1. Go through (1) touching an Asp or Glu at 6+ places or on another chain (Cβ under 8 Å); (2) surrounded by 18 or more Cβ atoms within 10 Å (Cβ to Cβ); (3) of a type in the set (D, E, K, R) one by one and return the number of the condition R102 breaks.
2. Does any residue of region 69-77 turn out to be closer than 27 Å to L36 by Cβ and surrounded by fewer than 15 Cβ atoms within 10 Å (Cβ to Cβ)?
3. Please determine whether any residue of region 97-105 is more than 13 Å from the chain's Cα centre (by Cα) and assigned to a strand (DSSP E or B).
4. Taking into account only those residues within region 41-56 that are within 14 Å of I114 (Cβ to Cβ) and modelled with pLDDT of 95 or more, which is surrounded by the most Cβ atoms within 10 Å (Cβ to Cβ)?
5. Which condition number does V63 fail, the rest of (1) touching an Asp or Glu at 6+ places or on another chain (Cβ under 7 Å); (2) in a loop (DSSP other than H, G, I, E, B) being met?
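The values are calculated or read from the model by the stated rules, or taken from the named source; none is laboratory data. Quantities reported herein were computed from a predicted structural model and do not represent experimental measurements. Positions of Cβ are backbone-derived with ideal geometry, glycine not excepted, and every protein chain shown enters the neighbour counts.
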Amino acid sequence: MRLLAFLMLVAASALAFAQAARSVGKGLMVKELPDLAGREAVVRANVYPPGTSNPPHRHDAHVFLHVLEGQLIVQLKGGQLVTLNAGDTYYEAPDDIHVMSRNPSDKVAAKALIFMVKKIGAPSTTLVKD
């Protein structure tokens, strides 16, 4: 019985680890862009708690990320690791796959302002299998 309880505890811990904390976004504005038919602008404020590591994803949008506080380590598929500090700005193209988005700090949250231009009604983020 103790072995079964131990195995259940290990399985629960593994599941919690696999579902690690992700960044939390707050939508600030969505605005249709009449000069760009079928497109809208989206502005979001994201908080990356300490140790956050988002799973691989894409945006199908032009994305501009500006780090307000803290630090992020990002990487696009086929690209180099990039360390972004407060005041740095980063761009992702619609075809890019974002394989790493991580807050390396174990104590300080990172905060970013995100601006994207995407197709109206399209999801802002889609998870992908690497």
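1. Condition (1) is where R102 drops out.
2. Looking only at region 69-77, we keep the residues that are closer than 27 Å to L36 by Cβ, and these are 74, 76-77.
From the residues that got through so far, the ones that are surrounded by fewer than 15 Cβ atoms within 10 Å (Cβ to Cβ) too are 77.
The answer is yes; a qualifying residue exists.
3. The initial filter retains those residues of region 97-105 that are more than 13 Å from the chain's Cα centre (by Cα), namely 104-105.
Right, trim to assigned to a strand (DSSP E or B) and you get none.
No: region 97-105 contains no residue that is more than 13 Å from the chain's Cα centre (by Cα) and assigned to a strand (DSSP E or B).
4. Keep residues of region 41-56 that are within 14 Å of I114 (Cβ to Cβ), which gives 41-48, 54.
Those left that are additionally modelled with pLDDT of 95 or more: 41-48.
Values: A41: 16, V42: 19, V43: 15, R44: 20, A45: 14, N46: 21, V47: 17, Y48: 28.
Among those residues, the one meeting the criterion is Y48.
5. For V63, the failing item is (2).
Yes/no matrix, rows are residues, columns are (1) touching a strand residue (DSSP E or B) at 6+ places or on another chain (Cβ under 8 Å); (2) part of a loop (DSSP other than H, G, I, E, B); (3) modelled with pLDDT of 95 or more:
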{"position": "T83", "(1), (2), (3)": "yes, no, yes"}
{"position": "G87", "(1), (2), (3)": "yes, yes, yes"}
{"position": "Y90", "(1), (2), (3)": "yes, no, yes"}
{"position": "K111", "(1), (2), (3)": "yes, no, yes"}
{"position": "V117", "(1), (2), (3)": "yes, no, yes"}
{"position": "G121", "(1), (2), (3)": "no, yes, no"}
{"position": "K129", "(1), (2), (3)": "no, yes, no"}
